[in-house]
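Visitor: Let me begin by handing over the structure; questions about it come next.
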Amino acid sequence: MQWETVIGLEIHAQLATRSKIFSGAATAFGAAPNTQACAVDLGLPGVLPVLNREAVVMAVRFSAAIGADLERRSVFARKNYFYPDLPKGYQISQFELPIVGRGRVEILLDDGTARTIGVTRAHLEEDAGKSLHEDFHGLTGIDLNRAGTPLLEIVSEPDMRSAREAVAYARKIHQIVRYLGICDGNMQEGSFRADANVSVRPFGAELGTRAELKNINSFRFLERAINFEVERQIDLLESGGTVVQETRLYDPDRDETRSMRSKEEANDYRYFPDPDLLPVELDDEFVAAAIADMPELPDVRRVRFCEEYALGQTDAVQLTANRELADYYEATVRAGGDARLAANWVTGELAGALNREGMEIGQSPVSAMMLGGLLQRISDNTISGKIAKQVFDAMWGGGGSADEIIQSQGLKQITDSGALEEIVNAVVDENRSQVDAYRQADEKKQAKMLGFFVGRVMQASKGKANPKQVNELLRRKLAP
Amino acid sequence: MHNKSIMALGAGLRAGDFSSVELTRAFLDRIAQYDGELNCFITLDPERALTSAAAADRLIRSGKAGPLAGIPIAHKDIFCTDGVKTSCGSRMLDNFIAPYDATVVSRLSEAGTVMLGKTNMDEFAMGSSNETSYYGVVRNPWDSSLVPGGSSGGSAASVAARLCVAATGTDTGGSIRQPAALCGITGLKPTYGRVSRYGMIAFASSLDQGGALTRSAEDAAVMLQAMAGFDHRDSTSAQEPVPDYSENLNAPLTGLKIGLPKEYFNEGLDGEVARSVELAVDEYRRLGAEAMEISLPNSELSVATYYVVAPAECSSNLSRFDGVRFGYRCQEPKDLEDLYKRSRSEGFGAEVKRRILIGTYALSAGYYDAYYLKAQQIRHLISDDFRRAFDKVDVIMGPTSPTTAFAIGEKADDPVTMYLSDIYTIAANLAGLPGISIPVRPVAGKPVGLQIIGNYFQEAKLLNVAHRLQQESDWHRALPTGY
Amino acid sequence: MSLKRSDVENIAHLARLAVNTSELDSVAGDLSTILHLVEQMNAVDTTGVIPMAHPLHMAQRLRPDVVNETDEREHFQSIAPATEMGLYLVPRVVE
C-alpha cells in the first residue's frame, strides 16, 4: 500500500517582551528559581491579570507578516486543568476568538519548488512554569519563573506531506518571528517549540487518526521524530493494528516516540471567557502603529537580493536566512562595493569561520565594516584574493582592520613593474632548463607549464606579486 | 461615642475632643464585650489597630487629615491584608497570611482609617446566612437566634452592634445588601468596576463588587469616596471619573421617578415586609417623588441564571487552591492526585464544594451550551430589562430580601431555599448595576431593608435618595437592644 | 436533568475533589435539585441573543511592557507548605 503522510504543526513562540503577558515580572531566561514569579504569576488569592501591550503589538506584526486576517476583536479564555506548573489551575489562552485568523506562508523545498502552507490561526496565551525532577527525595520541584511568559501559538493546517516539508515550514516560521524581532528563536532554551500532529492514510483516503508529538527542541529532532512516527504508524496499520489518538513524547536519546501516560485522560478543558479580562479591541490607529516599522520580510528580501545584487537563488536564500545575516551582507556591500564579491566572502570565508567557532553572525569578531574594508583592498588590487584570506584570518584573530594588517605585515601587492620584473628575471634565470622546455612546447602545453613559473614568482614574492601582472610579464619573458 | 456618624466622629477627632487611640480602644472594648456572643470577627489585631490609631492622631494634629482619618473600621476577611491572616472564612486559608494589601485596603488605609480586624463571612462568600463559615455562624444582634444574612454577615452584624464604625463587604449576589437588610443597617454595592477587585479573593469575577456597610447613607458616601476609582491592577475597573458622593446628599427628590417592579412584589414576598417597603415608598411620594409600576420580565430567571454563572466562574477561580503554593495542604499526600483531592476536599466546606461541582458541570463538554451559554444569554435579557426600565425611571425600588432574618439552621440543609433568599438582589449583580439597602420599618422587631437600584455609576443618586429618607426617619438610628 | 453517580465521579475528578462513595447519592441528589432550579432558564427562547460575559461594555486596557515587580521569593515562600532551594515541592510528577 502507498501511504500518504499528513502533518500539522503547533508552534509555540515565546514573545520577546521585557515583562510577562499579564504581570510586571521579568521574563529573562536563567534566573534563580521563582525569583521572577510575582504574586500574579503565582496565582495568589485576589490577584488579577492586566494585558501587556507589547504582546498584542507582536501578534499584530506576525499577523501582517503572514498575510493573515487580523481579528479586531479577540477574547481571552480560561483553559482549565490541574498541573503543578500551572499555578491558577487554568491557563489564560484564546479559544473561540483568537487574535490572528487564517494566514499562509510559502516554503521553498530543496529541489527549488515552492509550496504554500496554511496557518489556521495564532493566539496569545501564557506559558506554564517548569517541573524539575532531580534531587528532591523523590519529590518534584516547581519553578514558576516561566509562568506567564507570553506565547504566540501558531497552528498550521494539516498541509505538510513529509518531515522535510514540516521542517521547512517550521524554519520559515522561525525565520519570520526572528525577522520581526518578536521571538529570539532559541530552541535550546525553549523559546521556540514545535508540536507535530502526524497521521498517515492511503492516498486519497480520509484523514487518519493522529498522534501529537511533543518535546521537540530542534529542527533535526523534528524531522527524526516525524520520520519515526510515520514508520511506526505504517507498521502498525500494515500489521492490522490501529493508531490511537494520543500525545507522544520524542526521546532524542533513543530516537523514538513513546506514549505519554495519558496526561489528559478526561481531556475536558472547560474553556470559557476569562471574566478578569475584557475583549481586546484593536482600532486602525493601533494596528497602523504596530506595523509602522515592519522590517522587510525574508521572502521579499530574497527576491530583492537576486535583483539588486545579481545573486543566484542559492546565495540569496542563504544570505536572507536571518535578518542579522542579511543586514550584515548589505552593510558589507555598502562598505566594500562589490556585491558579488561580498556574497562570496559572507557565504564562504565568513560562514566557514562562524561555523567552525559555533558562532552566530552577531558574535562575529569581523564586522561588516571590516569585511567591507578588506573587499575594497581586493577590488583595488592592493592584495590578491589569496593574501586576503590571510588578512581575514588576522582580522578574525583581532589584528585590527584590513589596512592595518596589510600595512603592519607588509602584505601590499607588488604592482611596481620594475620590482616585479626583477623577480621574474631571477626566476627565469634560475630555471633555464624549464625555460627551454617551455619554449619548445606547443601552445597548449605552454599554458599548463606557465603555472610552474607563476608559482615560483609568487613564492619568491611571498604571495604579494600581482598575479595578473606576473602572468603578462612571464609570457613576455618566456617568449622565444 | 459608638453611635455617631463618621462626620461627627471626624469633627470630634479634629476638635481634639477625643483621640483616635481613645476611639479605637472604645471599639476594641465593645468587641471584647460583645463579640464572644456575636462572632463577627475572625481576626483581631488590637496592637496593630492602636499603632495605626496613633499614626492617625499624628496625621489629624498635622491638619492634613481627611474625613476618615482615625475612624475604626473592619474589613471583610475576603480582602487581602498584608501580614494579617486572610481566611475568606475557609479552612483552606486558615494559615494564609496575605503577602500584600488589596487595593480597597490600601486606599482606606491611606485615608487614615484604623483596621480593628477582619470580619467573619460565608466561606469564600458563598452563602446568604453566614452559616458556611469555617469559623462558625455570626449571630444577628437583633436576635441571637437569627442569622445576620450573608455573605458579609460579620461586617453587617459588627456595624449593627456598633463594634466598628463601618465595614467593607463584597456583593456577588446580594452579599452586602441582604445582610445589611437583615441587620438593619445601610449596605452599598457599587456599579461593577467602580471599586477595584484587586486583592479581593474572587468568587465570581464578573459579579463580585466591593462596597461598604455603614450606619447611614451619609457614612456610605464617605467610605465609597475612599474606595472608588480606577485601579491599573484591575482590567475590569472602570475609568469613569469619581464624583463627590457627599455633595448632593441633600438634593431635593422632587420629580424623582421611582420604578416598582411588579415581579418584586410577588407571592414569595412576606406581606409585612411588602408593607414596610410600601410605607417607605409613600414617604418618598411625600418628598416629591413619583412612583410607578414597571416590569422586569426576566428577573424571575435571575436566580437560575446566577446559579450557573457564579458557580462556573467559582469552579475556575477556586482551582488555585491546590495545596502547592499557599493555604491548606493535606497530611502526607501519597501522590499528586491525592495532594489535590484531599487538600481541596479537606480545605473546602460543603457549600463551596457543591458550587464547584455545579460550575464544573455547567462548563463541561456537552453541557456548556445548555447551561453556561444559555445563562450568559439570559443575563443579557435581564440587563436589557433594566436598560429599558431606566429609560423611564431614575431609580428602582423594592424589598432587599423576601423575609426578615430567619433562624440559624432553618435553611442550612436546603440549598435551593437558601438561594431564593437572594431573589431580589441577584439581578443587579448580573447587570452590574449599583444597589443600596437601607433600613425601613421593622417587622416584629426584626429589620427590613428597602433596596434601591440605580443606573450605571449613579451611586451619588442612590446615596442622595437613601439619605433623604434617613433625614425623614429614624430607622437607621435604631440600635438593637443591649448594644 | 438528574445526575448519576458516574456524572458526579466525573465532575469531582475534573474539579479534583474527593467524594466518598457513600456520599455519591446525596451529592448527586443535591446537585440535581440545583440543576432543576437552573433549568427554569429553558422557559425562555434565547435564539439569537448575544451571550453577555461582562456587565460593562468596555475593551481590555493594555499595560506598558515594563518590569515593575521585584524578587519577593522569600516573602511568598514563607507561606508555602513545602519548598526547597527556592522551588515549590509536590509529590513526584510522572511524565
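Visitor: Under a 5 Å amide H to amide H cut-off, with H placed in plane at 1.01 Å, what residues pair with residue B:84 once short-range neighbours are removed?
Guide: Excluding prolines and chain starts, which carry no amide H, the hits are B:98.
Visitor: Tell me, what is the percent relative contact order of segment A:298-408, built from C-alpha pairs under 8 Å that lie six or more residues apart? Could the numbers behind the result be given before it?
Guide: Values: 115 pairs, mean separation 24.8, N = 111.
Relative CO of segment A:298-408 lands at 22 percent.
Visitor: Charges on Cβ only, +1 for Lys and Arg, -1 for Asp and Glu, centred on the Cα centroid of the protein assembly as shown; of A:480, A:113, B:24, which one is farthest towards the dipole's positive end?
Guide: Value computed over the given set: A:480.
Visitor: Now for a different question. First measure r as the distance between the Cβ atoms of residue A:220 and residue A:340, then evaluate 1/(1 + (r/R0)^6) with R0 = 35 Å and state the FRET efficiency to the nearest 0.05. Present the calculation step by step, with values, prior to reporting the outcome.
Guide: On the way: r = 32 Å, r/R0 = 0.92.
About 0.60, to the nearest 0.05.
Visitor: Averaged across the residues of A:71-81, what count of C-beta atoms belonging to other chains lies within 10 Å of each residue's C-beta? Display every interim value, and only then the final one.
Guide: Numbers: counts 0, 0, 1, 1, 2, 2, 1, 5, 1, 8, 3.
Mean number of neighbouring Cβ atoms from other chains: 2.
Visitor: Follow-up question, since we're still on this one. Give the ranking of A:304, B:275 by solvent-accessible surface, highest area first, calculated with a 1.4 Å probe. Walk me through the numbers before you get to the answer.
Guide: Working: A:304 60, B:275 100 Å².
Heavy-atom accessible area, descending, gives B:275, A:304.
Visitor: ³J(HN,Hα) across segment B:191-203 via Karplus (A = 6.51, B = -1.76, C = 1.60, θ = phi - 60°), whole Hz, x for Gly/Pro?
Guide: 4, 3, x, 6, 10, 4, 8, 5, x, 9, 4, 6, 9
Visitor: What's the buried accessible area, both sides, between C and A using a 1.4 Å probe, rounded to 100 Å²?
Guide: Values: alone 9520 and 24200 Å², together 29730 Å².
Summing both chains' loss of accessible area gives about 4000 Å².
Visitor: Work through the residues other than residue A:164 whose Cβ is under 13 Å from its Cβ and net out their charges, Lys, Arg +1 and Asp, Glu -1. Present the calculation step by step, with values, prior to reporting the outcome.
Guide: On the way: positive: A:115, A:161, A:171, A:172, A:220, A:224; negative: A:110, A:111, A:165, A:223.
After counting each charged neighbour, the total is +2.
Visitor: Next up: Please give the FRET efficiency for residue C:75 paired with residue B:350, using the beta carbon to beta carbon distance and R0 = 35 Å, rounded to the nearest 0.05. The partial results should precede the final answer.
Guide: Working: r = 34 Å, r/R0 = 0.96.
Calculated transfer efficiency: 0.55.
Visitor: So, counting K/R as plus one and D/E as minus one, what does the shell of residues with Cβ under 15 Å around residue A:198 add up to?
Guide: Here the count lands on -4.
Visitor: Give me the extension gain from residue A:161 to residue A:317: residue separation times 0.36 nm, minus the current Cα-Cα distance, reported in nm with one decimal.
Guide: Details: separation 156, 0.36 × 156 = 56.16 nm, distance 2.25 nm.
Full extension of this stretch gives 53.9 nm more.
Visitor: Right, next: Can you pull the one-decimal nm distance between simple spin-label points at residue C:21 and residue A:102, each 7 Å off the Cα toward Cβ?
Guide: 5.3 nm
Visitor: For segment B:325-396 and segment A:113-143, what is the separation of their Cα centres, given in Å?
Guide: 28 Å
Visitor: Place +1 on the Cβ of every Lys and Arg and -1 on the Cβ of every Asp and Glu in the protein assembly as shown, take the dipole about the Cα centre, and give the residue among B:80, A:63, B:470 whose Cα lies farthest towards its positive end.
Guide: Highest projection toward the positive end goes to A:63.
Visitor: Between segment B:258-272 and segment A:311-329, how far is it from one alpha carbon centroid to the other, in angstrom?
Guide: 77 Å
Visitor: So what is the relative contact order for segment B:173-224, in percent, with contacts set as C-alpha pairs under 8 Å and at least six apart? If you can, show how the numbers build up before the last one.
Guide: Values: 64 pairs, mean separation 19.8, N = 52.
The value is 38 percent.
Visitor: Can you tell me the mean projection area, over all orientations, of the convex hull of segment A:417-478's alpha carbons? Units nm², please.
Guide: Mean projected area of the Cα convex hull: 3.6 nm².
Visitor: What base-10 log of the normalised intensity I(q)/I(0) is obtained for chain B from the Debye formula, alpha carbons as equal point scatterers, at q = 0.05, 0.12, 0.13 Å⁻¹?
Guide: -0.16, -0.99, -1.17
Visitor: Follow-up. By how many degrees, between 0 and 90 and to the nearest 10, does the Cα long axis of helix A:163-180 differ from the longest principal axis of chain A?
Guide: 90 degrees
Visitor: So which of B:262/B:461; B:85/B:461; B:85/B:334; A:412/A:444; B:76/B:374; A:130/B:334 end up more than 27 Å apart, counting from Cα to Cα? Kindly include the intermediate steps, with their values, before the conclusion.
Guide: Numbers: B:262/B:461 22 Å; B:85/B:461 36 Å; B:85/B:334 29 Å; A:412/A:444 33 Å; B:76/B:374 33 Å; A:130/B:334 21 Å.
With Cα atoms farther than 27 Å apart: B:85/B:461; B:85/B:334; A:412/A:444; B:76/B:374.
Visitor: Over segment A:417-478, average the accessible area per residue using a 1.4 Å probe and give it in Å², no decimals. Mind dumping the intermediate values first?
Guide: On the way: 3820 Å² over 62 residues.
For segment A:417-478, the per-residue accessible area is 62 Å².
Visitor: What is the Cα centroid distance between segment A:235-307 and segment A:7-26, reported in whole angstrom?
Guide: If we compute the Cα centre of each part, the gap is 12 Å.
Visitor: Shifting gears a bit: What accessible area, in Å² to the nearest ten, does a 1.4 Å probe give for residue A:456?
Guide: Rounded to the nearest 10, that gives 100 Å².
Visitor: Whole-Hz Karplus ³J(HN,Hα) for segment A:283-300, in order, using 6.51 cos²θ - 1.76 cosθ + 1.60 and θ = phi - 60°, x for Gly and Pro?
Guide: Listing the rounded values in order: 9, 4, 4, 4, 5, 4, 5, 5, 9, 4, 10, 5, x, 5, 7, x, 5, 5 Hz.
Visitor: Which of B:226, A:406, C:22 sits closest to the plus end of the dipole of the protein assembly as shown, meaning its Cα is farthest towards the positive end, when Lys and Arg get +1 and Asp and Glu get -1 on the C-beta?
Guide: It is A:406, whose Cα lies furthest towards the positive end.
Visitor: Separate question: Give me the Kirkwood hydrodynamic radius of segment A:167-242 in Å, from all C-alpha pairs, to one decimal place? Each step should come with its number before you reach the end.
Guide: Details: mean 1/r = 0.0719 Å⁻¹.
The answer is 13.9 Å.
Visitor: Taking every Cα atom in chain A, find the radius of gyration and the maximum pairwise distance Dmax, and write them in Å.
Guide: Calculated on Cα positions, Rg and Dmax stand at 30.0, 100 Å.
Visitor: What is the magnitude of the charge dipole of segment A:231-385 about its Cα centre, with +1 placed on the Cβ of each Lys and Arg, -1 on the Cβ of each Asp and Glu, and no other charges, expressed in debye to the nearest 20?
Guide: Using Cβ point charges on Lys, Arg, Asp and Glu, segment A:231-385 gives about 760 debye.
Visitor: While we're on this one: Rounded to the nearest 100 Å², what is the sum over both chains of accessible area buried where A meets B, with a probe of 1.4 Å?
Guide: On the way: alone 24200 and 17650 Å², together 39150 Å².
Its buried surface, counting both partners, is about 2700 Å².
Visitor: Rolling a 1.4 angstrom probe over the protein heavy atoms, how many square angstrom per residue are accessible across chain B? Walk me through the numbers before you get to the answer.
Guide: Details: 14100 Å² over 483 residues.
Averaged over the residues of chain B, the accessible area is 29 Å².
Visitor: Okay, moving on. If you take the square roots of the eigenvalues of the alpha-carbon gyration tensor of segment A:138-209 and sort them as a ≥ b ≥ c, do you get rounded (a/c under 1.5), prolate (a/b over b/c) or oblate?
Guide: Values: a/c = 2.89, a/b = 1.52, b/c = 1.90.
In terms of gyration-tensor shape, oblate.
Visitor: Also, I was wondering about something else. Any idea of residue A:445's accessible area? Nearest 10 Å², probe 1.4 Å.
Guide: 130 Å²
Visitor: Another question, then. To the nearest hundred square angstrom, how large is the accessible surface buried between C and B, total for both chains, probe 1.4 angstrom?
Guide: Details: alone 9520 and 17650 Å², together 22050 Å².
Rounded to the nearest hundred, the buried surface is 5100 Å².
Visitor: Applying a 10 Å radius around every beta-carbon, put B:236-245, B:195-204 in order of their mean neighbour count, most first. List each step's numbers first, then the result.
Guide: Details: B:236-245: 17.4, B:195-204: 27.8.
Result, highest mean Cβ count within 10 Å first: B:195-204, B:236-245.
Visitor: How high is the relative contact order of chain B? Use alpha-carbon pairs under 8 Å, at least six apart in sequence, and give a whole percent. Before the final figure, lay out the partial values.
Guide: Numbers: 1186 pairs, mean separation 85.5, N = 483.
That works out to 18 percent.
Visitor: Let's test the formula: R0 of 25 Å, r as the Cβ-Cβ distance of residue B:292 and residue B:244. What FRET efficiency results, to the nearest 0.05? Intermediate values should be presented prior to the final figure.
Guide: On the way: r = 30 Å, r/R0 = 1.20.
Calculated value: 0.25.
Visitor: Here is a further query. Magnitude of the Cβ-charge dipole of chain B, K/R +1 and D/E -1, about the Cα centre, nearest 20 debye?
Guide: 640 debye
Visitor: Take each of the peptides B:263-274, B:332-343, average the number of other beta-carbon atoms within 10 Å over its residues, and list them starting from the highest. Walk me through the numbers before you get to the answer.
Guide: Numbers: B:263-274: 16.2, B:332-343: 18.1.
Ranked from most to least packed, the peptides come out as B:332-343, B:263-274.
Visitor: How many percent of the alpha carbon pairs in segment A:243-313 exceed a separation of 22 Å?
Guide: Working: 1682 of 2485 pairs.
Summing the P(r) tail past 22 Å for segment A:243-313 gives 68 percent.
Visitor: Now for a different question. Under 9 Å from the Cβ of residue A:128, count the other residues' Cβ atoms, weight Lys and Arg +1, Asp and Glu -1, and hand me the total. Please list the in-between numbers first.
Guide: Working: positive: A:130, A:146; negative: A:85, A:126, A:127.
Summing Lys and Arg as +1 and Asp and Glu as -1 gives -1.
Visitor: Let me ask something additional. What range in chain A is the longest one free of GluC sites (Glu not before Pro) that are in a loop by DSSP and have at most 15 other Cβ atoms within 10 angstrom? Show your work: numbers first, answer last.
Guide: Values: sites that count: A:96, A:134, A:189, A:206, A:264, A:265, A:296, A:360.
The reported range is A:361-480.
Visitor: For segment B:48-56, what does the Karplus curve 6.51 cos²θ - 1.76 cosθ + 1.60, with θ = phi - 60°, yield as ³J(HN,Hα) per residue in whole Hz, taken in order and with x for Gly and Pro?
Guide: After applying 6.51 cos²θ - 1.76 cosθ + 1.60, I find 4, 4, 5, 5, 6, 5, 5, 5, 5 Hz.
Visitor: Which of rounded, prolate, oblate describes segment A:77-134, given a ≥ b ≥ c as roots of the alpha-carbon gyration tensor eigenvalues and a/c under 1.5 marking rounded, otherwise prolate only if a/b is larger than b/c?
Guide: Numbers: a/c = 5.31, a/b = 1.84, b/c = 2.88.
It is oblate, given that a/c is not under 1.5 and a/b is not larger than b/c.
Visitor: Scan around residue A:213 for amide H atoms under 5 Å from its own, H built in the peptide plane at 1.01 Å from N, and keep only partners 5 or more places away or cross-chain.
Guide: So residue A:213 has HN proximity to A:196, A:197, A:198, A:248.
Visitor: Treating the beta-carbon of each Lys and Arg as +1 and of each Asp and Glu as -1, no other charges, what is the dipole magnitude of the protein assembly as shown about its Cα centre, to the nearest 20 debye? Numbers along the way, then the final one.
Guide: On the way: 110 positive and 141 negative charges, 338 e Å.
Taking the Cα centre of the protein assembly as shown as origin, the dipole is about 1620 debye.
Visitor: Could you report segment A:1-143's accessible area per residue, 1.4 Å probe, as an integer in Å²?
Guide: Per residue, segment A:1-143 has an accessible area of 33 Å².
Visitor: Let me ask another. Please work out whether segment A:3-289 counts as rounded, prolate or oblate from its C-alpha gyration tensor, where a ≥ b ≥ c are the square roots of the eigenvalues and a/c under 1.5 means rounded, while otherwise a/b larger than b/c means prolate and anything else oblate? Please report the intermediate quantities before stating the final value.
Guide: Details: a/c = 1.74, a/b = 1.26, b/c = 1.38.
Oblate shape, in that a/c is at least 1.5 and b/c is the bigger or equal ratio.
Visitor: Another question, if that's okay. Using only Cα positions of segment A:273-327, each an equal point scatterer, no hydration layer, compute I(q)/I(0) via Debye at q = 0.15, 0.20 Å⁻¹ and quote the log10 values to two decimals.
Guide: Debye output, listed in q order: -0.58, -0.73.
Visitor: A further question on this structure: Within the P(r) computed for the protein assembly as shown, what percentage of the Cα pairs occupies the region above 45 Å?
Guide: 45 percent
The values are calculated or read from the model by the stated rules, or taken from the named source; none is laboratory data. Computed from a prediction, not measured in an experiment: that's the story for all the values here. Neighbour counts are summed over all protein chains in view; Cβ atoms, including those assigned to glycine, are modelled from backbone coordinates with ideal geometry. With ligands, DNA and RNA removed, areas are computed over all heavy atoms of the protein, side chains included. Shrake-Rupley method; radii C 1.70, N 1.55, O 1.52, S 1.80 Å.
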